[in-house]
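The structure's right below; bear with me while I get my questions together.
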Amino acid sequence: ETRSLSTATAADPATYEGVLEEAKNAWMLEYGGSINKIPLIIHTDQHDTMGDDASKTMWESIDKMVCWYDVSKVLNLGDTTNSYDNFDDPLLGDTALENYLEATKNIPFSKRIEVFGNHDCMKIINASLTYIQHSQGYLSPYFKNVMARKTSDNGYHVTYDSYFNVKYIVYSTYDYVDASNYDLMSSAQYEFLIEEMSKNDGYDIVICGHQDSDVYREHLGALVKARYNKTAGTFTDRLGVSHTYDFTNCENDLLVGLHGHSHSDGYNYPNDMLSQCFANYYDSTRPIYFVIVDREIGQLKVWKVTKTPAITTYTRPFVEPETT
């Protein structure tokens, strides 16, 4: 079946809608129908801004100009709500989630992947910063990963895209909470991640989480590095449970890590793998990203669109360049 590429020319590239379409056209031209080039739309760290007019206009424009069939996934990398900061307003989280669903209602549920951020998963119940966790069951109806394989409502899951031969492994660094911790990964999640990353199922991997795996203080970064380099080992998590992994026979590759949380377009190679963070949508310029994960040349290419209006383009190689 031939995939239809939407490549119309923007009538006025000096407008916000114009730069959105200009970036979309360049993104689709780069994609060119190749299954080795994975087209994504990314946004993150909205912090309860999805109810404003700019958000409504942006998503309506994108829906008019993008053929969803040409998109692998639309990634929301977390912190849709701002309830973390608004402990005295228990309804704010509800409002933020409802606004998000309304603004993004035209994105097919089969195309969307949402990630739990720290602002989504915890709320402060008094000024001494005592954290409690939102009900994951309460969040899950809003974060509609309908194509995902989930074993719980705690935010970690795997979504497959059979057309592009890629699977998106989403981890959550907030799926366990007790009286003294609000950012633990459960032992069950580690086993889930090891199982999914060990499979020879014909899919390359893009790993996603709100917080970069390297800055997270558990063993996640080391596990990602082991999968990227296809090594084996063991570790004991902070709950005292031992885990064994063996990625030495894995045939497919872990490509890149995609993250929010930092509120900036930062990147590094902490685990030998490219880890790219994206700037916060909460910023007054409302950044939205058209992205190609290019397996042909091993490169991430990004068109960042802001309502200034402006387009910023950058590339990141999968492998860290050697310094001289």
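In the list T159, T151, which residue meets the criterion of being buried (at least 19 other Cβ atoms within 10 Å of the Cβ) and at pLDDT 80 or above? Quick ask: steps written out before the conclusion?
Details: T151 fails: buried (at least 19 other Cβ atoms within 10 Å of the Cβ).
Just one listed residue meets the conditions, T159.
Related question: If you go through the stretch 225-276, how many residues are more than 14 Å from L193 (Cα to Cα), among the hydroxyl-bearing types (S, T, Y) and touching a residue at least 24 places away in the same chain (Cβ under 8 Å)?
4
With at pLDDT below 95 and either over 20 Å from T313 (Cβ atoms) or within 15 Å of the chain's Cα centre (by Cα) (or both) as the only criterion, which of Y245, Y282 stands out? Can you show your working first?
On the way: Y245 fails: at pLDDT below 95.
Y282 is the lone residue from the list that is at pLDDT below 95 and either over 20 Å from T313 (Cβ atoms) or within 15 Å of the chain's Cα centre (by Cα) (or both).
Please determine, by comparing only the residues of the stretch 3-29 that are farther than 23 Å from Q299 by Cβ, open to solvent by 40 Å² or more (accessible area, probe 1.4 Å) and charged (D, E, K, R), which one is modelled with the lowest pLDDT.
Top of the filtered list is D12.
Tally the residues that are farther than 30 Å from Y160 by Cβ and among the aliphatic types (A, V, I, L, M), restricting the search to the stretch 32-54.
Of the residues in that region, 1 qualify.
Mind listing whichever residues of the stretch 223-242 are at negative phi and at pLDDT below 90?
If the condition is that a residue be at negative phi and at pLDDT below 90, then D237, R238, L239 are the ones that fit.
Another question about this same structure. If we keep just the residues of the stretch 296-311 that are farther than 15 Å from H43 by Cα and of a type in the set (S, T, N, Q), which is least open to solvent (accessible area, probe 1.4 Å)?
This residue is Q299.
Take the residues in the stretch 277-286 that are touching a strand residue (DSSP E or B) at 6+ places or on another chain (Cβ under 6 Å) and under 25 Å from E320 (Cα atoms); name whichever of them is surrounded by the most Cβ atoms within 10 Å (Cβ to Cβ). Don't jump to the end; show me each part of the working.
Pass one, the stretch 277-286, residues touching a strand residue (DSSP E or B) at 6+ places or on another chain (Cβ under 6 Å): 277-278, 281, 285.
Of the ones still in play, those that are also under 25 Å from E320 (Cα atoms) are 277-278.
Working: C277: 24, F278: 27.
Only one residue fits best here, namely F278.
Name every residue in the stretch 165-209 that is modelled with pLDDT of 90 or more and of a type in the set (D, E), in order of residue number.
Matches in the stretch 165-209: E191, E195, E196, D201, D204.
Open to solvent by less than 30 Å² (accessible area, probe 1.4 Å) and in a loop (DSSP other than H, G, I, E, B): is that true of Y289 in this structure?
Numbers: open to solvent by less than 30 Å² (accessible area, probe 1.4 Å): yes; in a loop (DSSP other than H, G, I, E, B): no.
No; evaluated as a whole, the condition is false for this residue.
How many residues does the stretch 134-173 contain that are farther than 17 Å from H259 by Cβ, in a strand (DSSP E or B) and among the polar types (S, T, N, Q)?
0
Restricting the search to the stretch 68-99, which residues are in contact with a Ser or Thr (Cβ under 7 Å, 6 or more places away or on another chain), over 14 Å from Q136 (Cα atoms) and modelled with pLDDT under 90?
Result: L92, A96.
Please work out if N249 is among the polar types (S, T, N, Q) and touching a His at 6+ places or on another chain (Cβ under 9 Å). Reasoning before the result, please.
On the way: among the polar types (S, T, N, Q): yes; touching a His at 6+ places or on another chain (Cβ under 9 Å): no.
Criteria not met by N249.
The values are calculated or read from the model by the stated rules, or taken from the named source; none is laboratory data. Fair warning: this is a prediction, and the values are worked out from it, not measured in the lab. All Cβ positions, even for glycine, are placed from backbone atoms using ideal geometry, and neighbour counts span all protein chains on display. Calculation scope for accessible area: heavy atoms of the full protein, side chains included, ligands and nucleic acids excluded. Shrake-Rupley method; radii C 1.70, N 1.55, O 1.52, S 1.80 Å.
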